[in-house]
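Read-outs: derived from the displayed coordinates by stated rules, not from any lab. What you are looking at is a predicted structure, and each value in this text was computed from that prediction instead of being measured. No Cβ is skipped: glycine too gets one built from the backbone with ideal geometry, and neighbour counts run over all protein chains shown.
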Amino acid sequence: MDTKSKELFEAAKRHIPGGVNSPVRAYGSVGRAPRFIASAHGSRIVDVDGNEMIDYVCSWGPGILGHAHPQVIAQVQKACGDGLSFGAPTEKEVRLAELIAELVPSMEVSRLVSSGTEAVMSAIRVARGFTKRDKILKFKGCYHGHSDGLLVKAGSGALTTSVPDSAGVPADYTKNTLVARYNDRASVEALFESNPQEIAAVVVEPVAANMGVVLPAPGFLEFLREITKKYGALLIFDEVITGFRLALGGAQEYYHVTPDMTTLGKIVGGGMPIGAYGGRREIMEMVSPVGPVYQAGTLSGNPIATTAGIGTLEILKADPGIYRRLEKKAGQIAETARRAAGSRVWVNQAGSLISIFFTSEKVTDYETALSSNTAKYARYFGLLLDQGIYTAPSQFEAMFLSDAHTQEEVERTCQVIESALAEVC
Ligand SMILES: *Cc1c(COP(=O)(O)O)cnc(C)c1O
């Protein structure tokens with residue numbers, strides 16, 4: 001039953017492009033009408049037709065504790081009573097910056113913004129200001145938000161020319177964006193060799209989760225650390241997804257590689273709009289009003305959003321066992337898929353992030369991710385949805401686990417996945 005969702009989708013399309021405020025929500029690649037959500041608690045999400053589903057989207061990552069955690073909600077409700085925004089400094093911003101520095105020690109100094117997009121865009125501006133260089137190097141298939149210079153993948157096979165992915169982005173805006181292949185050291189070396197004094201920063205998702213989940217090959221992050229050092233470029237980890245998810249200290253703790261700068265989003269706001277970027281003092285003191293790099297925001301450090309962020313991080317900090325529990329549950333799902341479909345699927349898992357690719361190739365980068373049969377994914381997605389398992393409506397997004405998913409729910413999910421894979425593969 002999705003009558004009300006369908007009605008709302010039609011109404012939405014009249015005044016909102018494609019009926020949604022972020023494209024993937026339109027279910028375009030799975031041939032269904034999107035579910036409009038009424039509420040969510042813990043691991044369960046309920047749509048406007050009253051369908052209750054086990055949620056593995058978790059708001060695309062922020063919901064690591066599950067939805068509407070009572071402690072966080074109580075703190076947010078109290079904060080709302082004190083006013084929604086002041087445009088002036090607050091104690092909560094200090095507390096959140098202290099917590100970030102404590103949990104992610106490489107972020108000695110950080111700045112709060114309102115989205116992951118803003119965080120990465122600003123970090124790159126700072127890296128350019130700090131190094132006095134213009135070029136940046138990113139990886140094909142990594143997503144860093146929708147700012148102009150980052151909406152790029154390499155033109156067909158030519159790793160040195162970059163064309164915008166989106167209409168409306170002048171080619172001039174992306175001419176300083178170099179694109180390498182994820183997990184391919186030679187492609188990175190070649191770009192550094194042909195631009196030795198020009199690359200301000202390498203920006204990377206330390207575990208890629210926007211081409212489906214793709215793990216860094218052993219030594220790849222260490223290699224990026226070394227080569228950036230060698231050429232005087234900064235290493236920026238975009239931990240908007242991995243931050244506080246792979247480990248309390250993010251992917252940099254999980255893989256023991258320390259970047260110069262880090263960007264955060266999603267979990268750091270506990271479901272409210274926050275992004276953050278930071279690094280060591282010397283770099284971050286480039287930012288206005290201390291330094292010459294301008295960056296500002298009317299709602300930056302918003303008191304309600306910082307309350308939700310602090311509340312979430314405090315709970316994670318008090319319960320370090322959470323990461324072992326998450327990884328165990330995710331491992332169970334990944335193993336089930338591998339057992340059920342054998343070599344007809346490729347499953348990547350890092351911590352509580354999972355992707356099942358419908359390909360017999362080993363998925364290690366954008367090209368191999370694209371080898372997945374998305375029509376099969378669409379059928380698999382539909383079978384899960386019809387049995388109350390709510391997953392990402394796209395092959396190229398992760399499945400997210402939360403601490404609220406119970407063992408029984410994970411087992412039920414495994415059964416549904418097993419039968420769906422038997423039918424699709
Ligand atoms: C979600 C995401 C962003 C963008 O964050 P928004 O809050 O959607 O602007 C940037 N980088 C990565 C790795 C992300 O997953």
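Worth a mention:
- Across region 394-409, computed HN-Hα scalar couplings (Karplus, 6.51 cos²θ - 1.76 cosθ + 1.60, θ = phi - 60°) run 7, 4, 9, 10, 7, 9, 10, 9, 10, 5, 7, 5, 7, 4, 5, 5 Hz from first to last residue, x flagging Gly and Pro.
- Rg of the Cα atoms in the chain, relative to 2.2 N^0.38 Å, amounts to 0.96.
- Calculated log₁₀ intensity ratio I(q)/I(0) where the Debye formula runs over C-alpha points of region 348-416, q = 0.13, 0.22, 0.24 Å⁻¹: -0.39, -1.05, -1.18
- In this simple spin-label approximation, VAL290 and SER29 carry label points 7 Å from Cα along the Cα→Cβ vector, and these lie 4.0 nm apart.
- Calculated mean residue ellipticity at 222 nm for the chain: -11500 deg cm²/dmol, from DSSP H runs with n ≥ 4 weighted as -39500 (n - 2.57), summed, divided by the residue count and rounded to 500.
- Remark: region 361-376, residue by residue, has Karplus-estimated 3J(HN,Hα) of 7, 7, 8, 10, 7, 4, 4, 6, 4, 5, 6, 5, 7, 6, 5, 5 Hz, where x stands for each Gly or Pro and the curve is 6.51 cos²θ - 1.76 cosθ + 1.60 at θ = phi - 60°.
- Within region 358-425, the trypsin sites (Lys or Arg not before Pro) that combine a DSSP coil assignment with at most 14 other C-beta atoms in a 10 angstrom radius are LYS362.
- Beta bridges from DSSP with both residues in the chain: antiparallel share about 60 percent, rounded to the nearest 5.
- Rounded to 5, the percent of DSSP beta bridges in region 230-320 classed as antiparallel: 45
- DSSP beta bridges in region 70-318 [antiparallel fraction, %, rounded to 5]: 45
- In this structure, the pairs whose alpha-carbon distance is over 20 Å, taken from LYS153/LYS175; LYS132/LYS175; LYS328/LYS362; LYS140/LYS175; LYS92/LYS317, are LYS328/LYS362.
- Shape of region 188-311, Cα gyration tensor, a/c cut at 1.5: oblate
- Cα shape, region 70-318, gyration tensor, a/c 1.5 rule: prolate
- Peptide packing: for 215-225, 7-17, 399-409, the average count of neighbouring Cβ atoms within 10 Å per residue gives the ranking 399-409, 215-225, 7-17, highest mean first.
- A cut-off of 5 Å between modelled amide H atoms, ignoring neighbours fewer than 5 places along the same chain, links GLY275 with VAL113, SER114, SER115.
- Between GLU418 and THR298, the modelled labels are 5.4 nm apart [label points 7 Å from Cα along Cα→Cβ].
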